[in-house]
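We did not get these values from a lab; they are worked out from the coordinates using the rules stated. Predicted, not measured: the structure shown is a model, and the values here were computed from it. Reconstructed Cβ throughout: ideal geometry from the backbone, glycine too, with neighbour counts over all protein chains shown.
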Amino acid sequence: MLESAEKFKNIFHIHSWLDRCAYIFDEVVEYGPLKVDLGQLKWLTPAGFTVLLSTLNYLDRFYYLETIPPKFDSRTDKFDIVGYMERMNFLNSCPEDVKLSFEKMINMDYYYNRNRNRKEKELDELRISRCDRDIEELGRSIKRIMKGKGLHINRISDITEIVTELAQNAVEHADEISDAECYSCVQYYKETSTQPGRVEIAICDTGRGIVDSLRDHVSVGSTNDKIVEKAIFTRASRFPEQDRGKGFNNVRRTAFGWSSDAEFYVRTHDSMYRIYENRLELLDKGRYFPGTFYYIIINV
Amino acid sequence: MLKVNLLPAVDTKVSLIGRRSMIPLNQKVMKQIEEAPYGSILFYDMEQVEGMNGSGIDEVIIKPLKWILQESKTHNKYLYLINLNDEEDHLYNLQKSLQGEEVVLVAQTETSLEIIGDLGDASKDLLELAYQHKKITARTAADLLGKKNNSVSTQLIKLHDQRLLQRQEEQLEEGGRQFVYSSLF
């Protein structure tokens, strides 16, 4: 059984979830029903959304997912996680069997029939991009939404730069495996009495990951960590003949140019890393699972 | 002046986003630039451009510009931009992408010019002066800036090498020759 924790919030939660997915994938060889228990889930960040959705869609290719949806009790829970998931378009993009489980166990009509006025201008929901045109539309949507939130135009350009570069990368990785896609979620949180205003950007794919993509294009014998480092800090590319490999540098420069205390994480192959302006820190090693997961938090 | 057409066949706007989708546009642009006559001044009309990111700018603007620099002896071509769009934040995106690159661009604005890329303050002042006057010699520029003729002359040669100013050689009535530098627009 694949079981979620209460919070799906930061890179450690993501790493732990992917390890559990990898374990299922390695150990449960029988292609049949797989129980996914989201019953304890109470909180999701943009990164949690993208990772949960991408992994469920990936696992759905191999298993029938019998899902226990999150529980919301209006008497005890401050936050309606089911309502939030519906509002973020999770149920429009998740596997059909997952959606059916939600509809079987929760009165989803209540959520489906809610007023969703002016959503296209105010809420950047979970998006899936499959081609270059989708990335252009993603860029337009981010600009529209962030403009509506009153962000400075240069900061909107920065967000658009980060998202479109990483999403383009994801779509190109995704091309190598059929049905692979780029998942993105961008959220702007206004300043509160306890937290500064911030932008959270989460992008992921279910491609083969940075290490396997680049292995044949860097020095023979490079360790996995070295390969990831080269992808992020140099112009190493799978297409050296096309003089590429600037995208990641642009993203890093933009994130840290905006805010020197930006938090930038990547989980790929079997490891999670924190990316600093000039160095990469390995946070933990786990098990291999397809995909590359980026999570960026910038204090505004 | 020759306009480089950035538009795909059907659309009325183009997004300079990503690498893969920009490679065909790079090829289209390069064909127009290569086929333009020797000494051409080419421009991109940025009104045709909506979204952009670093990879797209690199493919469609920086790479052709590097080619123009590299082939300056055999092709002697120039490239500048017009109609930068504030709504699309073109200037900021271009400034960011050209940072640390070996190319500098000029863009025509309603009143003057924008210099995009890494250029020292002294060269910037000189370039702005040249664009104010449209045509300038090292001697005139040195007088106006209160600098030595030699150092201004060296800077003007560099700005010409960077394809930011054109240069013509003129015969002086009193004998001898001098270079006259002129703006691209």
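Annotation: lysines with alpha-carbon distance below 19 angstrom to residue B:77 (same-chain offsets under eight excluded): B:3, B:28, B:31, B:63, B:66, B:134, B:135, B:158.
Just add up the charged neighbours of residue A:109: K/R +1, D/E -1, any other residue whose Cβ is under 12 Å from the Cβ of residue A:109.
Details: positive: A:114; negative: A:86, A:103.
Counting the neighbours of residue A:109, the net charge comes to -1.
Of all the options A:274, A:155, A:244, the one that moves most in a Gaussian network model of chain A with Cα springs shorter than 10 angstrom is A:244.
Of the residues B:18, B:54, B:146, the one that moves most in a GNM of chain B with alpha-carbon contacts below 10 Å is B:146.
Chymotrypsin sites (Phe, Trp or Tyr not before Pro), restricted to segment A:1-86: which are DSSP loop and have at most 11 other Cβ atoms within 10 Å? Mind dumping the intermediate values first?
Values: sites: A:8, A:12, A:17, A:23, A:25, A:31, A:43, A:49, A:58, A:62, A:63, A:64, A:72, A:79, A:84; in loops: A:31, A:62, A:63, A:72, A:79.
Those that pass, being in a loop and sparsely packed, are A:31, A:79.
Summing Lys, Arg as +1 and Asp, Glu as -1, what charge do residues with Cβ under 10 Å from the Cβ of residue B:41 carry, residue B:41 excluded? Write out the running numbers ahead of the final one.
Numbers: positive: B:77, B:163; negative: none.
Taking every other residue near residue B:41 into account, the sum is +2.
Rounding to the nearest 10 and keeping the result within 0 to 90°, find how far the Cα-based axis of helix B:121-133 lies from the longest principal axis of chain B. Approximately 80 degrees, to the nearest 10. Distance from the Cα centroid of segment A:213-270 to that of segment B:112-185 is 41 Å (rounded to whole angstrom). GNM on chain A, C-alpha springs below 10 Å: top fluctuator among A:191, A:86, A:200? Most flexible of the set in this elastic network: A:191.
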